[in-house]
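The structure appears right after this line, and notes come after that.
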Amino acid sequence: MNNFDKAYKDLIMYIDELKISNKKKIELFNKIDNITELFANQNNLDKRLSTLEEIVLDDEDLKNTGRDVDFFCPYCHKQIDIYMENDKMDITCPFCKNEIEIEWSMDK
Ligand SMILES: [Zn+2]
């Protein structure tokens, strides 16, 4: 149990022992829950940020093994940014949804 959980439990027990009506207690519990929710959201935000950082880092790693290619769809002629990990891959055009087979030659 971390410090925050302990302080939370102490506070709940403290309120529970107060000589106040149950209605007041519930009001206080709700207020505390709102605050803990704020803290939890802050924690989640930190987690989300670090997850994002990991994804960005992973992406940088991938760029070392593959290549970004500007490709024009043969069906709708729109430019598609693709990431080639292999010399051959199948993609779906994000614009016209056609399946395209791409073969990349190392010589070019
Ligand atoms: Zn297309």
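Structure data summary
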| read-out | value |
| --- | --- |
| HN-Hα J in Hz across the range 23-40 - Karplus 6.51, -1.76, 1.60, θ = phi - 60°, x for Gly and Pro | 4, 5, 4, 4, 4, 5, 4, 4, 4, 5, 4, 4, 5, 5, 5, 4, 5, 4 |
| Proximal lysines relative to Lys6, as straight alpha-carbon distance under 26 Å, when same-chain residues fewer than 8 apart are discounted | Lys19, Lys23, Lys24, Lys25, Lys31, Lys47 |
| Separation in nanometres of the label points that stand 7 Å from Cα toward Cβ, at Asp90 and Lys9 | 5.6 nm |
| Sum of side-chain charges, Asn41 neighbourhood, beta-carbon under 11 Å (Lys, Arg +1; Asp, Glu -1) | 0 |
| The range 67-108: Cα Rg divided by the 2.2 N^0.38 Å rule of thumb | 1.09 |
| Ascending count of other beta-carbon atoms within 10 Å, so fewest first, for Leu11, Leu49 | Leu49, Leu11 |
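Read the figures in this text as sums done on the coordinates, not as results from a lab. What you see is a predicted model; the values in this text were computed from it and never measured. In this analysis, Cβ positions are derived from the backbone assuming ideal geometry, glycine residues included, and neighbour counts consider all displayed protein chains.
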